[in-house]
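Here's the structure, in structure tokens; my notes come after.
The values are calculated or read from the model by the stated rules, or taken from the named source; none is laboratory data. On a predicted model such as this, the values are computed, not experimentally measured, just so you know. Counting neighbours? That spans all protein chains shown, and the Cβs are built from the backbone with ideal geometry, glycine included.
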Amino acid sequence: MQTGSVHEHWSSRGGFIMAAVGSAVGLGNIWRFPYVAGESGGGAFMLVYLGAILLVGAPILIAELMIGRRGQMSPINSYRKVAEDHGYSPGWKWAGALGMLTAVIILSFYSVIGGWALTFLFETLSGSLSGMDAAASSEHFDDMLSKPVSMAIWHFVFMAVTVWVVARGIKGGIEKAATLLMPALFVLLLVIVGYAVFAGDFGRAMAFLFMPDFSKITGEVLVNALGQAFFTLSLGMGAMLTYGAYLSRDISIPRAAGIIVGADSLVAILAGVAIFPIVFASGLEPSAGPGLVFITLPIAFASMPGGVIVGSLFFALLLFAAITSSISILEPLVSWLEEHKGVQRAKVAVISGAGIWAVGLLSVLGYNELSHVHPLAFVESLADKDILDSFDYVSANLFLPLGGMAAALFAGWIMSRDTVLEELGVEEGWLFHIWRILARFVAPAAVAWVLYESIGG
Ligand code: TRP
């Protein structure tokens, strides 16, 4: 093990912001957010979700960036080093290790969905999705799921692109990809929002998203909203911690966090505003589940003028967003392996990518050869979840909140007042006090309460 930082740094503040926003904005905003919000009743979910972003997500984002910049290393070694520097047990490294396990699970299914996006992009471009009605679109989606070989190949292509970017390193790979792709994403999203406002059922979509029905807030809605907050901000497994390790001292962490949270929430809301008017105008169900984007939107694209173009743009957008996120799920693992002597970034990127691809085959097979497997069947309300859904549910709703709680407790209780003030870059004032109350008490208690509710319920 080498001492000191073996890692490159971001080339600039802008490069870091692009990469971090690129990490946060992804399938979580465009595929996961609309379907989870749709399943959890729309407005009621939105309210809890935004509360979770502000009271739990934002302080933990700041905590992870601080731990990373303090440690200058991968999650495992940053936790160990910063704990030792403060006179605490190096055993905190296990918080980082939990993150590595979570990263493997999340990337394994994330890449499968990325493969779906690739499939749909090519099919839309080739015009083979045009003219489908609701029945044809469901059938088309099921047909894709029934073919493990082609799904595994697209999953492979997505993983290969992820590995390729990560292998190129911080400045030449991750930063460049994000700086290129993020602005394109914003423009594409605005085009689709424009279309949806103009041609969709905008009024119903607004009512669905922004008029909360408080009676719909259940334990299940709380867990889903909390899990979505962690997932969408890339928190709880050390992705942001790792990006913080590449951050130079002169960049303000609280301001960066504000930009990341703001941009991520904006994209999620824009995605909702783009998707639900089309859902309602086409007489589709908001609660369609993980297939929402992939089943319902092709129907809309098929029936709208210029649908091939809008549809192609949409899936290109989904793909861009997914790649700038998937690289941030792989990076912590590669960063940790890179800290061992004589290890080459490109080599470990390829090996970890291959291993995670293999784990992803379980999710692929869960739709066909292994469709009888329901890993969470011991919980009644989760009994019909397939393998991919189960990985998604457990990682987002259990592992990420636990990892995030560790980050909050670590930054709140283990790191000294002086360290925290230095990392926040402020004098002791309102920002410090509010952050510390949120990190020490509010965020951990919220996670504990929600997990308790969900286990009890
Ligand atoms: N935030 C990304 C999204 O919304 C996914 C992601 C990237 C992620 N890095 C992560 C999720 C780390 C959890 C943990 O699509």
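Scanning for something among the small types (G, A, S) and within 12 Å of the ligand (Cβ to nearest atom), does the range 27-36 turn up at least one residue? There is at least one residue in the range 27-36 that is among the small types (G, A, S) and within 12 Å of the ligand (Cβ to nearest atom). Just one of (1) of a type in the set (V, I, T); (2) surrounded by fewer than 18 Cβ atoms within 10 Å (Cβ to Cβ); (3) at pLDDT 90 or above fails for V191. It is (3).
Among helices (runs of 4 or more DSSP H) lying entirely in the range 31-94, which contain 2 or more residues that are hydroxyl-bearing (S, T, Y)? Give the steps one after another, and end with the answer.
Details: elements: 33-39, 43-52, 58-71, 75-85.
Qualifying helices (runs of 4 or more DSSP H): 75-85.
Out of L409, L398, one residue alone is in contact (Cβ under 8 Å) with a residue 12 or more places away in the chain, surrounded by fewer than 22 Cβ atoms within 10 Å (Cβ to Cβ) and more than 25 Å from A256 (Cα to Cα). It is L398.
All of A229, A167, A178 fail the test of being over 29 Å from V261 (Cβ atoms), surrounded by 15 or more Cβ atoms within 10 Å (Cβ to Cβ) and of a type in the set (A, V, I, L, M), apart from A167. Is it true that some residue in the range 155-163 is surrounded by fewer than 24 Cβ atoms within 10 Å (Cβ to Cβ), in contact with a Phe, Trp or Tyr (Cβ under 7 Å, 6 or more places away or on another chain) and modelled with pLDDT of 95 or more? Within the range 155-163 (the criterion being surrounded by fewer than 24 Cβ atoms within 10 Å (Cβ to Cβ), in contact with a Phe, Trp or Tyr (Cβ under 7 Å, 6 or more places away or on another chain) and modelled with pLDDT of 95 or more), the answer is yes, since at least one residue qualifies.
Being aromatic (F, W, Y), more than 16 Å from the ligand (Cβ to nearest atom), surrounded by 17 or more Cβ atoms within 10 Å (Cβ to Cβ) and in a loop (DSSP other than H, G, I, E, B), is that true of even one residue in the range 341-364? For the range 341-364, residues aromatic (F, W, Y), more than 16 Å from the ligand (Cβ to nearest atom), surrounded by 17 or more Cβ atoms within 10 Å (Cβ to Cβ) and in a loop (DSSP other than H, G, I, E, B): absent. Restricting to the range 228-245, name every residue that is near the ligand (Cβ under 6 Å from one of its atoms) and not small (G, A, S). Answer for the range 228-245, where residues must be near the ligand (Cβ under 6 Å from one of its atoms) and not small (G, A, S): F231, T232, M237. Determine whether A321 is part of a helix (DSSP H, G or I) and either within 14 Å of the ligand (Cβ to nearest atom) or within 20 Å of the chain's Cα centre (by Cα) (or both). Criteria met by A321.
Look at the range 215-241: where a residue is basic (K, R) and a partner is away from the ligand (no atom under 16 Å from the Cβ) and part of a loop (DSSP other than H, G, I, E, B), sitting 6+ places away or on another chain with Cβ atoms under 6 Å, you get K216/G41.
For the criterion of being of a type in the set (V, I, T) and either within 23 Å of D143 (Cα to Cα) or more than 24 Å from the chain's Cα centre (by Cα) (or both), I269 fails.
Does at least one position in the range 64-74 carry a residue that is under 29 Å from T218 (Cβ atoms), crowded, with 24+ Cβ neighbours inside 10 Å and among the hydrophobic types (A, V, I, L, M, F, W, C)? No: zero hits.
Got a sec? Which of V261, V187, V191 is touching a residue at least 12 places away in the same chain (Cβ under 8 Å), at negative phi and away from the ligand (no atom under 16 Å from the Cβ)?
Checking each option against the conditions leaves just V191.
Please enumerate the residues belonging to the range 108-125 that are more than 11 Å from the ligand (Cβ to nearest atom) and among the small types (G, A, S). Residues satisfying the conditions are S108, S111, G115, A117. Among the candidates I76, I60, I105, the residue that is within 16 Å of the ligand (Cβ to nearest atom) and either closer than 17 Å to E423 by Cα or aromatic (F, W, Y) (or both) is uniquely I60.
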